[in-house]
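Down below is the structure, laid out as structure tokens.
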Amino acid sequence: MKTSSISRKSIADWESRFPLLKTITSADEVFWVNPNKEDFKKAAAKSPLSKADVDDADARLARFAAYLKIDFPDTAPTNGIIESPITEISSMKNYLEQTFKTSIEGNLWLKRDDLLPIAGTIKARGAIYEVLKHAEELALKHGMLSSIDEDYAVFASDRFKNFFANYKIAVGTTGNLGISVGTVGAKLGFDVTVHMSVEAKQWKKDFLRSRGVTVIEHESDFTQAVTKGRQQSKIDPTSYFVDDEHSLDLFLGYTVAANRLKDQLSEKNILVDADHPLFVYLPCGIGGSPGGITFGLKQVYGDHVHCFFAEPTHVPSMLIGLITGEYDKVSVKDFGLDGLTVADGLAVPRTSGFVAKVLEDFFSGAYTIDDHMTDQLLSALIDQEQIFLEPAALAGLPGAIRLFQTDAGKEYLAANHLTAKMANATHIAWATGGSMVPKEDMDRFYEKGRQTVNLH
Ligand SMILES: *Cc1c(COP(=O)(O)O)cnc(C)c1O
């Protein structure tokens with residue numbers, strides 16, 4: 001396996017240039033600090049995107065709140081805003097500290113995107129935003145809306161649904177992106193086609209079909225499902241493709257979470273400043289959701305926020321892309337990894353080049369998590385906090401442990417003069433999904449995790 005050549009270098013050449021790659025290609029857990037991260041001011045000056053882009057997306061979602069409230073009554077309690085609560089998880093923190101014999105200085109919170117309305121995963125942020133933006137553009141272009149100042153409740157009318165029935169939306173997905181795009185797209189009236197990769201769970205396909213979405217099942221991985229979907233959509237001028245690898249709108253939809261989190265933390269009187277650092281641990285698939293949220297958080301908190309992304313040991317696509325500097329030109333499969341993981345939402349063998357390049361200046365680092373650890377944390381979180389997450393959503397949980405336990409983590413704290421301030425730190429593990437998982441599947445995950453725990 002280890003003989004393929006990537007960008008005219010053998011795996012051995014790559015590993016001698018970047019020794020950490022050896023651990024990564026052996027599918028062992030790592031913690032990596034990003035050597036290319038810049039001070040926020042410098043990074044912001046270089047970036048093609050800015051706070052204005054985040055605020056523009058935020059304003060668009062605010063315009064659509066009047067519509068979402070009508071067609072998706074589960075958004076009524078938040079007035080049509082798709083947002084999730086944060087929960088402090090002290091019991092789980094104790095469990096982590098005891099299990100890994102490491103103390104987590106500061107407080108540990110969970111961002112509950114498993115409870116997001118409409119779709120119950122983090123994709124509800126980016127994907128729904130992109131579909132709404134496309135709908136807005138069509139409505140303005142064809143005179144259905146005269147200006148963005150109109151009341152967007154009209155999007156719930158039959159007149160609008162009949163109009164959108166003339167248009168198609170397509171997407172390629174490991175499952176969750178399709179759920180978000182399909183649910184909102186179909187409700188607005190679009191003709192939606194979802195291309196599912198081999199990981200996609202049967203219940204996700206059934207769910208979408210029950211909502212009138214066309215589901216095409218591919219026997220191939222995510223990257224190939226996206227490629228096929230993109231090709232088919234391209235030949236039809238009425239079809240719009242939500243492109244997880246390249247979409248700026250998807251990315252901007254995610255960034256808005258930062259403005260909302262800022263309000264939530266201040267409501268709870270949680271300070272974030274030079275003496276009160278914020279650490280955020282984000283599960284990473286193609287990179288859009290952790291990238292967008294990190295970008296937004298950096299605009300809000302600058303150097304006071306430290307964002308780490310988390311990938312499965314068998315699918316560290318963003319990590320390999322950044323370490324080698326080859327971004328989306330390399331796949332984990334080029335490095336002899338099989339790309340298989342229980343964390344289906346993270347099963348993306350090739351990262352987004354666009355996100356990797358924009359975020360390289362902003363990410364603090366990354367780590368990988370073994371599937372057994374994912375299983376164990378899934379059942380532990382149920383035992384400790386009665387919180388039910390899907391496997392991908394657990395990846396953020398060991399982040400704080402790794403920060404305090406690894407040499408690389410300790411060096412990061414020392415280099416940033418944070419060691420003495422950590423008692424004031426806030427750690428947030430971003431829980432990216434879970435509430436839609438059928439009970440039989442969750443029971444199975446739980447039992448598997450219990451057995452893993454018993455092995456220790
Ligand atoms: C998609 C997904 C992620 C990762 O988001 P990317 O934009 O692919 O990096 C994390 N968790 C869950 C549950 C997901 O569905």
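For the range 343-381, the tally of residues that are more than 13 Å from the ligand (Cβ to nearest atom), buried (at least 24 other Cβ atoms within 10 Å of the Cβ) and among the aromatic types (Phe, Trp, Tyr) stands at 1. Touching a Lys or Arg at 6+ places or on another chain (Cβ under 9 Å) and within 13 Å of the ligand (Cβ to nearest atom): is that true of residue 274 in this structure? Taking the combined requirement at face value, the residue does not satisfy it.
Tally time: how many residues in the range 277-296 are more than 16 Å from the ligand (Cβ to nearest atom) and under 15 Å from residue 110 (Cα atoms)? Selection size over the range 277-296: 2. Can you give me the number of residues within the range 189-215 that are in contact (Cβ under 8 Å) with a residue 60 or more places away in the chain and not charged (D, E, K, R)? Total meeting the criteria: 4. For the range 388-405, filtering for residues that are within 16 Å of the ligand (Cβ to nearest atom) and either over 19 Å from residue 111 (Cα atoms) or open to solvent by 10 Å² or more (accessible area, probe 1.4 Å) (or both) leaves 2.
Applying the set (1) assigned to a helix (DSSP H, G or I); (2) touching a residue at least 40 places away in the same chain (Cβ under 8 Å); (3) surrounded by fewer than 22 Cβ atoms within 10 Å (Cβ to Cβ); (4) aliphatic (A, V, I, L, M) to residue 135 leaves exactly one unmet item: (3). Residue 251 meets each of the listed conditions (1) part of a helix (DSSP H, G or I); (2) more than 12 Å from the ligand (Cβ to nearest atom) apart from (2).
When we screen 299, 384 for residues that are within 19 Å of residue 89 (Cβ to Cβ), of a type in the set (S, T, N, Q) and open to solvent by 10 Å² or more (accessible area, probe 1.4 Å), the only hit is 384. Checked against (1) in contact with a Gly (Cβ under 9 Å, 6 or more places away or on another chain); (2) surrounded by fewer than 20 Cβ atoms within 10 Å (Cβ to Cβ), residue 308 meets all criteria but (2). For the subset of the range 314-342 comprising residues that are buried (at least 24 other Cβ atoms within 10 Å of the Cβ) and closer than 30 Å to residue 418 by Cα, which member is nearest to the ligand (Cβ to nearest atom)? Looking at the filtered set, the residue picked out is 318.
The values are calculated or read from the model by the stated rules, or taken from the named source; none is laboratory data. Nothing here was measured: the structure is a model prediction, and the numbers come from that model. Glycine also receives a Cβ, built like all others from the backbone with ideal geometry; neighbour counts cover every protein chain displayed. In case anyone asks, the SASA skips ligands and DNA or RNA and just uses the protein heavy atoms, side chains included. Shrake-Rupley method; radii C 1.70, N 1.55, O 1.52, S 1.80 Å.
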